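Reviewing the structure listed below.
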Amino acid sequence: MTLWLIILATVALSLIAAVRVRSVYNRYNQGSVLSGLTGGEAAALILRRAGIHDVEITHHDEMLGDHYDPLHKRLVLSSANYFGSTPAALGVAAHECGHALQHARAYRPLRWRLAAVGITTYANQAVMGIPLLGIATGLIAPRVGAMILAVAWGIIMLFNLLTLPVEFDASRRAKAVLANMGLIAPGAEATAVSKVLNAAAWTYVAAFITSLIYSLWHLLPLLTGRQRD
């Protein structure tokens, strides 16, 4: 019973964070900033000002699928943000530039996060596969399965913890560079950008809280020797 409550609570937390991001983004994805720049143009200016000339800026049609790919040095924006000139578009574009700046400056939390990608991939596979494998075959003893899941969720939790300073720092850099370069106007535009980026940050907080809860759920019974209900 407790497990189902945890599942419902964490799913609800993730949904609330996702809905809030979409709502805030849609609210400020209207009109045009006074500078008239698009997200793609702003990203190019930011990277050029930072002396970064080896990052490709491109776009795709996935909604809010914006990201920075450090392996290929590619900054990918959704078409809406690449061609849009709204406060939301510039905020998202500048945030991804923040990751490129982190990469260029060897920002330690980003380096640690990149180093943990491989083991976190295996951990994600474990939390998906171990319960199914144990139920289907019965070959995994409950305690052994719980130990594996506790370790796997712990790895995911630490990865999500590392993600927090990376994302918050990228947003901080975005707000500062947009203001310092005059790409957004003080007042309403700056406030809009701040709200969009702050809302997006809560999705990472929700992911961390979720992984922390599941990590503790599997770990505490092993430490206390008590059975879960």
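For the reader, a short list of remarks on this structure follows.
- Helix-only mean residue ellipticity at 222 nm for the chain, each DSSP H run of n ≥ 4 adding -39500 (n - 2.57), per residue, nearest 500: -25000 deg cm²/dmol
- Placing R0 at 25 angstrom, the Cβ-Cβ distance between Met128 and Asp61 gives a FRET efficiency of 0.35 after rounding to 0.05.
- The base-10 log of I(q)/I(0) for the range 65-170, evaluated at q = 0.15, 0.19, 0.21 Å⁻¹, reads -0.74, -0.93, -1.03 [Debye formula, identical scatterers on Cα atoms, solvent excluded].
- Averaging 1/r over each pair of different alpha-carbon atoms in the chain and inverting the result gives 19.2 Å, the Kirkwood hydrodynamic radius.
- Placing one equal scatterer on every Cα of the range 47-127 and applying the Debye formula, the log10 ratio I(q)/I(0) at q = 0.21, 0.24 Å⁻¹ is -0.99, -1.12.
- Measuring only protein heavy atoms, the 1.4 Å probe finds Leu8 accessible over about 110 Å².
- Accessible surface of the range 87-199 [probe 1.4 Å, protein heavy atoms]: carbon and sulfur percent: 68 percent
- Relative to the longest principal axis of the Cα atoms of the chain, helix 142-180 runs at roughly 10 degrees.
- With all protein chains in place and ligands, DNA and RNA left out, the 1.4 Å accessible area ranks Asp69, Asp61 as Asp61, Asp69, largest first.
- Highest mobility in the GNM of the chain, judged by mean-square fluctuation with C-alpha springs under 10 Å and restricted to Val76, Val33, Val144, is found for Val144.
- For Arg172, solvent-accessible area (1.4 Å; no DNA, RNA or ligand), Å²: 140 Å²
- Within the range 1-78, trypsin sites (Lys or Arg not before Pro) in DSSP loop having at most 15 other beta-carbon neighbours inside 10 Å: Lys73
- Highest-MSF residue in the chain out of Pro70, Pro186, Pro87 [GNM, Cα springs under 10 Å]: Pro186
- Kirkwood-type radius of the range 138-229, with distances r between different C-alpha atoms, in Å: 15.8 Å
- Rh by Kirkwood over Cα pairs, then Stokes-Einstein D for the range 1-68 at 1.567 mPa s and 4 °C, µm²/s: 83 µm²/s
- Centre separation in Å (Cα based) which lies between the range 95-154 and the range 28-50: 35 Å
- Surface analysis of the chain yields an accessible area of 54 Å² per residue, using protein heavy atoms and a 1.4 Å probe.
- Rg and Dmax of the range 91-137, based on Cα coordinates, read 16.8, 49 Å.
- Solvent exposure, largest accessible area first (probe 1.4 Å, DNA, RNA and ligands not counted), of Asp66, Asp54: Asp54, Asp66
- Note on surface exposure: Thr203, Thr163 rank Thr203, Thr163 by accessible area, highest first, 1.4 Å probe.
The values are calculated or read from the model by the stated rules, or taken from the named source; none is laboratory data. Treat the numbers as computed from the prediction; the structure is a model and nothing was measured. A quick note on method: Cβ atoms are made from the backbone with ideal geometry, for glycine too, and the neighbour counts reach across all protein chains shown. With ligands, DNA and RNA removed, areas are computed over all heavy atoms of the protein, side chains included. Shrake-Rupley method; radii C 1.70, N 1.55, O 1.52, S 1.80 Å.
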